[in-house]
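A.B. asks: One structure, pasted below without further comment.
Every number here is computed from the coordinates shown, using simple stated rules; none is lab data. Quick caveat: nothing in here was measured; it's all calculated off a predicted structure. Note that each Cβ is placed from the backbone with ideal geometry, even for glycine, and that neighbours are counted across all protein chains shown.
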Amino acid sequence: MTIKTVGIIGAGQMGNGIAHVIALSGYDVLLNDVSEERVQQALATINGNMTRQVSRGKLNEQERDAALSRIRFIRGHDGLGDADLVIEAATEDEDVKRAIFAEVCPSLSESCILASNTSSISITRLASATDRPERFIGMHFMNPVPLMELVEMIRGIATEEATFARAREFVSSLGKSVAVSEDFPAFMVNRILLPMINEAIYTLYEGVGSVESIDTAMRLGANHPMGPLQLADFIGLDTCLSIMQVLYEGLADSKYRPCPLLVKYVEAGWLGRKATRGFYDYRGETPVPTR
């Protein structure tokens with residue numbers, strides 16, 4: 001069955017990026033969130049990002065306008081009944097995701113594939129909260145979605161081969177590359193990336209280096225485009241902590257213990273760029289290290 005219409009639950013940073021890419025690829029997008037205001041904010045973000053693509057010669061105005069016309073707000077979950085694929089892109093919290101699946105499943109068509117954009121949580125466990133574990137799959141887009149080429153795909157224990165094949169074909173049609181991961185905590189990208197970020201935070205916590213020196217060392221010494229603490233702020237420190245907790249609890253290895261300093265920043269509400277403060281303070285013209 002061909003995928004033509006895609007529902008997206010969650011219009012935040014990941015949801016609006018996913019909607020952007022899917023609409024540009026010619027699919028109709030049904031964008032859902034808890035309020036119309038959040039969807040309108042997402043549409044403004046998408047419009048701004050596409051306009052930048054036009055100014056850089058990546059798109060023309062007609063392509064931008066056509067893509068924007070394919071995205072529409074859906075109030076509640078009943079309107080997702082027309083979707084051939086629904087992608088959940090809510091916050092990285094298992095209880096939140098399971099509640100969404102319980103609410104949305106009765107509204108979906110029998111053949112609809114349900115996917116989660118989770119970056120760390122067990123696909124098998126999430127699938128068990130749905131009425132279609134055989135048509136459930138992990139589809140982890142990288143942030144920022146319009147720029148990053150990779151989508152990590154994860155099968156749960158019950159995911160049917162036909163579901164995986166349809167989902168993989170869809171991801172390829174977006175111009176993305178696929179990396180297939182087994183269903184282990186944090187999959188591949190974040191199992192490697194987040195412990196590195198956590199170790200950078202331990203390096204700061206133990207006084208080995210300052211925020212600026214740690215980020216400079218990794219940019220210039222390891223040729224990383226962004227320092228690990230700057231990257232943590234970009235990802236969101238709450239998301240970093242959630243992923244480290246999934247690793248620590250799922251693999252029971254002390255090397256994945258979240259750094260106490262990361263916990264302290266999250267408790268303070270210093271979640272990175274989205275909160276204007278994290279390892280850097282973003283309230284002025286230039287980011288300033290907070291330690």
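A.B. asks: Go ahead and run the numbers for FRET between MET1 and ASP131, Cβ-Cβ distance against an R0 of 30 Å, rounding to 0.05.
C.D. replies: So, using R0 = 30 Å, E works out to roughly 0.95.
A.B. asks: Next question. Could you give me the ³J(HN,Hα) list for the range 184-197, computed from phi with Karplus coefficients 6.51, -1.76, 1.60 and θ = phi - 60°, whole Hz, x at Gly and Pro?
C.D. replies: Per-residue couplings from phi come out as 10, x, 6, 6, 9, 4, 6, 5, 8, 6, 5, x, 5, 4 Hz.
A.B. asks: For THR51 and LEU251, compute 0.36 nm times the residue count separating them, minus their Cα-Cα distance, and round to one decimal in nm.
C.D. replies: 67.6 nm
A.B. asks: Another question, if that's okay. Only Cα pairs under 8 Å and at least 6 apart count here; give the relative contact order of the range 244-291 as a rounded whole percent.
C.D. replies: 18
A.B. asks: OK, next. Can you tell me, using C-alpha contacts under 8 Å and at least 6 residues apart, the relative contact order of the range 5-181 as a whole percent?
C.D. replies: For the range 5-181, the relative contact order is 20 percent.
A.B. asks: Sticking with this structure for a sec: Can you tell which of LEU126, LEU229, LEU147 shows the greatest fluctuation in a Gaussian network model of the chain with Cα springs below 10 Å?
C.D. replies: Of LEU126, LEU229, LEU147, the Gaussian network model singles out LEU147 as fluctuating most.
A.B. asks: Given H placed on each backbone N at 1.01 Å, which residues far from ASP281 in sequence or on other chains put an amide H within less than 5 Å of it?
C.D. replies: HN-HN under 5 Å from ASP281: VAL288, THR290.
A.B. asks: Could I ask something else about it? Short version: what are the Cα gyration tensor semi-axes of the chain, square root of 5 times each eigenvalue, largest first, in whole Å?
C.D. replies: Semi-axes (√(5λ), whole Å): 32, 23, 17.
A.B. asks: Let me ask something additional. Under a 10 Å cutoff between Cα atoms, tell me which one of HIS77, HIS224, HIS20 has the largest fluctuation in the Gaussian network model of the chain.
C.D. replies: HIS224
A.B. asks: Between the DSSP loop rule and a limit of at most 16 other Cβ atoms within 10 Å, which GluC sites (Glu not before Pro) in the range 167-229 are left?
C.D. replies: Listed in order of number, the matching sites are GLU182, GLU206.
A.B. asks: Based on Cα positions only, what radius of gyration and what Dmax would you give for the range 132-211, in angstroms?
C.D. replies: Rg and Dmax of the range 132-211, Cα atoms, are 16.4, 52 Å.
A.B. asks: Find the relative contact order for the range 182-274 and round it to a whole percent, using C-alpha pairs within less than 8 Å whose residues are 6+ positions apart.
C.D. replies: Once normalised by length, the contact order is 32 percent.
A.B. asks: Here's something else I'd like to know. Go through the range 254-261 residue by residue and turn each phi into a ³J(HN,Hα) via Karplus (6.51, -1.76, 1.60, θ = phi - 60°); whole Hz please, and just put x for glycine and proline.
C.D. replies: Values per residue, Gly and Pro as x: 4, 5, 9, 5, x, 5, x, 5 Hz.
A.B. asks: Note down the nm distance, to one decimal, between modelled labels 7 Å out along Cα→Cβ at ILE192 and at SER109.
C.D. replies: 3.8
A.B. asks: Using θ = phi - 60° and the Karplus relation 6.51 cos²θ - 1.76 cosθ + 1.60, list the HN-Hα couplings for the range 104-115 in order, rounded to whole Hz, with x at every Gly or Pro.
C.D. replies: 7, 4, x, 8, 8, 5, 4, 8, 5, 8, 10, 10
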